[in-house]
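The values are calculated or read from the model by the stated rules, or taken from the named source; none is laboratory data. Only a predicted model underlies this, so the values are computations on that prediction, with no experimental measurement involved. Quick reminder, even Gly has a Cβ in these numbers, built from the backbone with ideal geometry, and neighbours come from all protein chains shown. Accessible surface areas use protein heavy atoms only, side chains included; no ligands, DNA or RNA. Shrake-Rupley method; radii C 1.70, N 1.55, O 1.52, S 1.80 Å.
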Amino acid sequence: MTVPKIALVMGDAAGVGIELAAKLLARQDEIAEAAVLVIGDPGVLRRGAREAGVEVDPPAVSQPADAAFEPGRPELLDLGHDGAAAIPQGVASPESGGFAM
């Protein structure tokens, strides 16, 4: 059986996408059959998890080729955004838009 590989982009650091990503990653029943690579920033994902009331802490990789792509074991491609975790939630800004891009 071929395992689907899913890239999950967190979106705008000031938006609701970070909470939704954390909620999805916390649902082991939903990701058990897929290899998920979350794309973004570990600090932003931790904030999304806090806001969503879930616990997630996928291991980080710095290059897609470093990901193991194992079903049910999500990993995070850390894009190295300096200061991304300091972007205020719910406030549109050039910084938050840059994070999404």
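At a glance:
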{"item": "Inter-part distance where segment 1-55 and segment 60-85 are each reduced to a Cα centre, Å", "result": "11 Å"}
{"item": "Assigned charges on the beta-carbon of Lys, Arg, Asp, Glu; the chain dipole about Cα centre (debye)", "result": "120 debye"}
{"item": "Accessible surface of the chain, 1.4 Å probe, proportion on carbon and sulfur as whole %", "result": "55 percent"}
{"item": "Karplus (6.51, -1.76, 1.60) ³J(HN,Hα), θ = phi - 60°, over segment 47-53, in Hz, Gly and Pro reported as x", "result": "5, x, 5, 4, 5, 8, x"}
{"item": "Correct choice for P(r) over Cα pairs in 10 Å bins from 0, in percent that was computed from the model, options (1) 12, 36, 30, 15, 5, 2, 0; (2) 17, 50, 27, 5, 0; (3) 16, 47, 31, 6", "result": "(2)"}
{"item": "Probe 1.4 Å, accessible area per residue of the chain, Å²", "result": "56 Å²"}
{"item": "Among beta bridges that DSSP assigns inside the chain, antiparallel share in %, nearest 5", "result": "10 percent"}
{"item": "Vicinal HN-Hα couplings computed from phi for segment 78-89 (Karplus, 6.51 cos²θ - 1.76 cosθ + 1.60; Hz; Gly/Pro x)", "result": "7, 7, x, 6, 5, x, 4, 5, 8, 5, x, 6"}
{"item": "Residue-wise HN-Hα coupling along segment 31-37, computed from phi with Karplus coefficients 6.51, -1.76, 1.60 (Hz; x: Gly, Pro)", "result": "10, 4, 9, 9, 9, 10, 10"}
{"item": "With Cα atoms, 0 to 90° folded angle of helix 17-26 axis to the chain main axis", "result": "30 degrees"}
{"item": "Accessible area in the full protein assembly, largest first, 1.4 Å probe, for Lys5, Lys23", "result": "Lys5, Lys23"}
{"item": "Contour minus Cα-Cα distance for Asp29 and Ser93 (0.36 nm per residue)", "result": "19.5 nm"}
{"item": "The chain: calculated mean residue ellipticity at 222 nm from DSSP helix runs of at least 4, using -39500 (n - 2.57)", "result": "-8500 deg cm²/dmol"}
{"item": "Environment charge of Pro42, counting only residues whose C-beta is closer than 14 Å and scoring Lys/Arg +1, Asp/Glu -1", "result": "-3"}
{"item": "Long-range amide H partners of Val36 with built H, under 5 Å", "result": "Ile6, Gly72, Arg73, Glu75"}
{"item": "Per-bin percent of Cα-Cα distances, segment 37-89 [5 Å]", "result": "4, 21, 27, 25, 15, 6, 1"}
{"item": "Percent RCO, i.e. relative contact order, over the chain, from Cα pairs under 8 Å lying at least 6 residues apart", "result": "35 percent"}
